[in-house]
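Below is one structure, written out as structure tokens, with a few remarks after it.
The values are calculated or read from the model by the stated rules, or taken from the named source; none is laboratory data. This one's a predicted model, so the numbers in the text were calculated from it and none came from an experiment. Note: areas computed on protein heavy atoms with side chains; ligands, DNA, RNA excluded. Shrake-Rupley method; radii C 1.70, N 1.55, O 1.52, S 1.80 Å.
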Amino acid sequence: MGWSDLIRRRHPRVKTTVVGVAAALAEAIVESTNVLQSRLGDEGFAWTDPARANTDECLLECAMFEWFLRDVAMSYGFGSQTEAIRRALAGRVLIDLQRSGVSSACLDGFDGRCRERFAEYAEALGASASLQPLGDRAWRRISGREEPSERMTMLLAMRASGELVALRGLAGNYRLVELQAVPPPVTGRE
């Protein structure tokens, strides 16, 4: 075994299904949402606006922002499987939000709200070479206010930049396989 073999084995591609990729992405979204909320708290959002910071709406908006960043990264590399992963991921994220205690009233119209948010964020992402328009739009949704915040806009823009760099080549980590149909059980022999 040579050095080149060791280098190639270092980052093996995980063999998984569309649902497996969605599960991994959902887990990453939950973790990133927790990190984002913690970071917003460190910046004073939790004590300057506790009425908003501790709401289901705020949690949902943070999760949609983190989900959007993964959706952007996912758009490159999964090819024809991208839509199937998106559908599976939407179901996983919804289940995770329900498990975290987000009220059903807050989740009303979940699919439409996600489409709307992703369209807004995609427009902001394409508006400039900078990620500040995306950070601004995300901050306004997370905070529930229309007042800009330079500090929070920069925080979210830098977070988006870091996440998008870290997620570059996401599809290269996976090798998608299809589940084989399970043959029916053998019934009595004659």
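Per residue, the average separation of C-alpha pairs within less than 8 Å and at least 6 apart gives the chain a relative contact order of 33 percent. Working value for segment 100-190: equivalent-ellipsoid semi-axes of 42, 21, 11 Å, each the square root of 5 times a Cα gyration tensor eigenvalue, largest first.
Between N173 and M154, residue separation times 0.36 nm minus the direct Cα-Cα distance comes to 3.9 nm.
Taking the protein heavy atoms of the chain in the context of the full set of protein chains, the accessible area attributed to carbon and sulfur is 54 percent at 1.4 Å. Compactness check for the chain: Cα Rg over 2.2 N^0.38 Å is 1.22. Taking all protein chains into account, the per residue accessible area for the chain stands at 60 Å² (1.4 Å probe). Of Y174, Y121, the residue with the largest accessible area leads and the full order is Y174, Y121 (1.4 Å probe). Under 5 Å between amide hydrogens, built in the peptide plane, is the criterion, and for Y174 it picks out V14 among residues at least 5 positions away or on other chains.
Over the C-alpha atoms of segment 14-114, the Rg to Rh ratio, Rh being the Kirkwood estimate, stands at 1.01.
Amide H to amide H distances under 5 Å link T17 with V177, where only residues 5 or more positions off or on other chains count and H is placed in the peptide plane.
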